[in-house]
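Let me begin by presenting the structure, written as structure tokens, before commenting on it.
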Amino acid sequence: MKNDVFKGEFKRPYIQIFMVILMIFGFSSCKMYSFTGASIHPQAKTISIATFPNLAPMVNPTLSQEFTDALQDKFQSQTSLTVITSSGDYEIEGEIVGYTTSPMAIQGNETAALNRLSITVNVRFTNKFSEKDSFEQRFSRYVDYDSSRNLSEVEQELVKQINEVLVEDIFNKAVVNW
């Protein structure tokens, strides 16, 4: 009798491990799920991401390329989609429509303790397999920085931070349909 209980204790973990492995292979073979949370249509193989022109009144000359590269890198590293120049199964295009800096946290002596750098992009996403998942939306993010610092001193790092969050927002809206 003791032997039967002993054998049963070892069977259970093996069954659980086997089920987990089976689920992993099942999810990865249908290509509808990835461990990044992306839900990619099984027939989707490509994504085209057009360069986002900078149409903001205040222009950062490198922002267009940096933002577009960050968006392409995200989809390339987090999905099985191949990034192509045009006519992908998924298409992303848009423009940078806002790039502003403004004073925040005004102090008693009417000077700002912080300044805020904001970036806004207009995005059009087309899913050739599911029109209901296509969208056009504006995404906006900002970072505050100490007003004692000149924007040119911190701009590169702030833009990088904002781009990361904007790209994550767009990625989530496009392919993480939770």
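Scan segment 155-172 for residues that are over 15 Å from Glu66 (Cβ atoms) and out of contact with any helix residue (DSSP H, G or I) (no Cβ under 8 Å at 6 or more places or on another chain) and the total you get is 2.
Residues in segment 155-178 that are in contact with a Ser or Thr (Cβ under 7 Å, 6 or more places away or on another chain) and hydrophobic (A, V, I, L, M, F, W, C): Val175, Val176. Remark: pairs (first residue in segment 49-67, over 23 Å from Val83 (Cβ atoms); second residue outside any helix (DSSP H, G or I) and hydroxyl-bearing (Ser, Thr, Tyr); Cβ separation under 7 Å; 6+ apart in sequence or on different chains) = Ala56/Tyr99; Met58/Tyr99; Met58/Thr100; Val59/Tyr99; Asn60/Tyr99. Among the residues of segment 105-128 satisfying the criterion of being small (Gly, Ala, Ser) and over 20 Å from the mean Cα position of the chain (by Cα), which is modelled with the highest pLDDT? Among those that are small (Gly, Ala, Ser) and over 20 Å from the mean Cα position of the chain (by Cα), it is Ala113.
Considering only residues in segment 23-82 that are part of a loop (DSSP other than H, G, I, E, B) and of a type in the set (Phe, Trp, Tyr), the one that is modelled with the highest pLDDT turns out to be Phe52. A count restricted to segment 129-170 and to residues that are farther than 15 Å from Thr101 by Cα and assigned to a loop (DSSP other than H, G, I, E, B) stands at 3. Among the residues of this structure, Gly94 counts as one that is touching a Lys or Arg at 6+ places or on another chain (Cβ under 7 Å), surrounded by 13 or more Cβ atoms within 10 Å (Cβ to Cβ) and at pLDDT 95 or above.
The values are calculated or read from the model by the stated rules, or taken from the named source; none is laboratory data. A quick note: this is a predicted structure, and the numbers were derived from the prediction, not measured. Note: ideal-geometry Cβ built from the backbone for every residue, glycine included; neighbour counts use all protein chains shown.
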